[in-house]
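One structure is given below, encoded as structure tokens.
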Amino acid sequence: MIPDHDHLVKIVRDAANGVFSTMLAVDLEQGDAYMDTASPPAGDGILSFIGLAGSWVGTGSVSCTAACACKISSQFLMAEYTSVNEDVLDAIAEITNMVIGNVKTLLEEDLGPMGLSIPTVIFGRNFASRTVGTFEWTVVPFSFEGERIVIQICLAPQKEAIRPKPNVNVHEPAVN
Amino acid sequence: MDVLIVDDSAAIRKILQRVLRQAEVPLGEVFEAGDGVEALATLKSHSTVGLILSDINMPNMDGIQFLTAVRAMSEWASVPIVMITTEGSQNKVMEAVQLGASGYVRKPFTADQIKEKLTGLI
């Protein structure tokens, strides 16, 4: 079965709510999900992403402001973080791993076995990202203590994903 | 009891230490490793380890390879190894159990789930 937008949104919400309620003891507020052809948003803060591989391939990401990342990490690690450091980056990477990992497990019911890459976290200002290929992203926003967290997933059958259209997507390195 | 925690996430290693204390596990020294290679080196130099908690998806040597290597060493054949991982596919669970995992906990986890899994193992 090909995962449609609504199904994917439900999977992402279930996975995110499960991780935040179990590991952080907090309930996320849901925002309105939508589709977007753009990669995860440019700007300031933290972008953490992880690759999915199998008969379907893609990327899952978690992005938020630095302040939000500190709040999440403080709750996750039960310590006070007021600025982004190694602990905060590691905490956000692990949150991403758990959320997207649980999305992967739920997707496997429909798409068969999938693999998960090691998460990568970017922290900086005025950075942009691009995913090679013409993907549609399912964008699922949440709110945590007044801060916005955005979880995005893009998926495509493997054969389509390995044939990017030329002149459409160019990877731009992060600029701090 | 000396415990070895194997996970590439320092955050999870910290959380598991806290959870073990909450679960009232009689902790001795807690060793940490970021992957299977580091974990094997730790075991070689610390024969007192009585419990291993290991992730599966890790760089260099993953948890399944680490589990296989540990079970191949006679001195570690009976040490409890609990896999704690995001990997939730039934195939991975079965593979880990067949290779000698003593238990399997999926992330996210609660302290009670870890405590319950350790009951009877230590």
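Looking at the square roots a ≥ b ≥ c of the eigenvalues of the Cα gyration tensor of chain B, which shape do they give, rounded for a/c under 1.5, prolate if a/b is larger than b/c, or oblate? It is rounded, given that a/c, with a ≥ b ≥ c, falls under 1.5.
The label point for A:HIS5 and the one for B:MET94, both projected 7 Å from the Cα toward the Cβ, are 3.7 nm apart.
FRET efficiency for the B:THR119 to A:GLN30 pair, using the beta carbon distance and R₀ = 35 Å, is estimated at 0.45. Helix A:66-77 and the long axis of chain A differ in direction by around 80°, with both axes built from C-alpha atoms. Summary value for chain B: 25 percent relative contact order, contacts being C-alpha pairs under 8 angstrom separated by 6+ residues. Taken along the Cα-to-beta-carbon direction at a fixed 7 Å, the label points for A:ARG148 and A:THR65 span 1.0 nm. Close amide H pairs (under 5 Å, H built 1.01 Å from N) link A:THR131 with A:SER39, residues at least 5 positions away or on another chain.
Exactly which chymotrypsin sites (Phe, Trp or Tyr not before Pro) in the stretch B:45-122 are in a DSSP loop and have at most 14 other Cβ atoms within 10 Å? Walk me through the numbers on the way to the answer.
Working: sites: B:PHE66, B:TRP76, B:TYR104, B:PHE109; in loops: B:PHE109.
Nothing satisfies the criteria.
Treat the count of other C-beta atoms within 10 Å as a stand-in for reagent exposure and order A:THR120, A:THR138, A:THR37, B:THR68 from fewest to most.
Values: A:THR120 13, A:THR138 25, A:THR37 9, B:THR68 16.
Final ranking by Cβ density, sparse to dense: A:THR37, A:THR120, B:THR68, A:THR138.
May I ask for the longest run of chain A untouched by GluC sites (Glu not before Pro) that are loop-located per DSSP and have at most 16 neighbouring C-beta atoms (other than their own) within 10 Å? Before the final figure, lay out the partial values.
Numbers: sites that count: A:GLU80, A:GLU136, A:GLU145.
The reported range is A:1-79.
Ranked for footprinting exposure by Cβ neighbours inside 10 Å, fewest first, A:MET78, B:MET58 give A:MET78, B:MET58. Helix A:86-111 and the longest principal axis of the C-alpha atoms of chain A enclose an angle of approximately 40°. Panel order for A:ASP4, A:ASP36, by other beta carbons found within 10 Å of each beta carbon, from fewest to most: A:ASP4, A:ASP36.
Which value, in debye to the nearest 20, describes the size of the charge dipole of the protein assembly as shown about its Cα centre when Lys and Arg Cβ atoms bear +1, Asp and Glu Cβ atoms bear -1, and nothing else is charged?
Numbers: 21 positive and 36 negative charges, 68 e Å.
With Lys and Arg at +1 and Asp and Glu at -1, about 320 debye.
Absence of a disulfide-compatible partner, taken as no other cysteine beta carbon within less than 4.7 angstrom, is noted in the protein assembly as shown for A:CYS70, A:CYS154. Here the spin labels are modelled as points 7 Å beyond Cα on the Cα-Cβ line, and at A:ILE118 and A:ASN17 they lie 3.4 nm apart.
What number comes out for the charge environment of A:PRO113, summing +1 per Lys or Arg and -1 per Asp or Glu over other residues with Cβ under 13 Å away?
Numbers: positive: A:LYS104, B:LYS92; negative: A:GLU108, A:GLU109, A:ASP110, B:GLU87, B:GLU95.
Value of the local net charge: -3.
Pairs spanning more than 18 Å between alpha-carbon atoms, out of B:LYS44/B:LYS92; A:LYS104/B:LYS92; B:LYS14/B:LYS115; A:LYS159/B:LYS92: B:LYS44/B:LYS92; A:LYS159/B:LYS92.
Laboratory data are not the source of any read-out in this text; all were calculated from the coordinates shown. It should be emphasised that the depicted structure is a prediction, and the values quoted were computed from it without experimental measurement. Neighbour counts run over all protein chains shown; Cβ positions are idealised from the backbone, glycine included.
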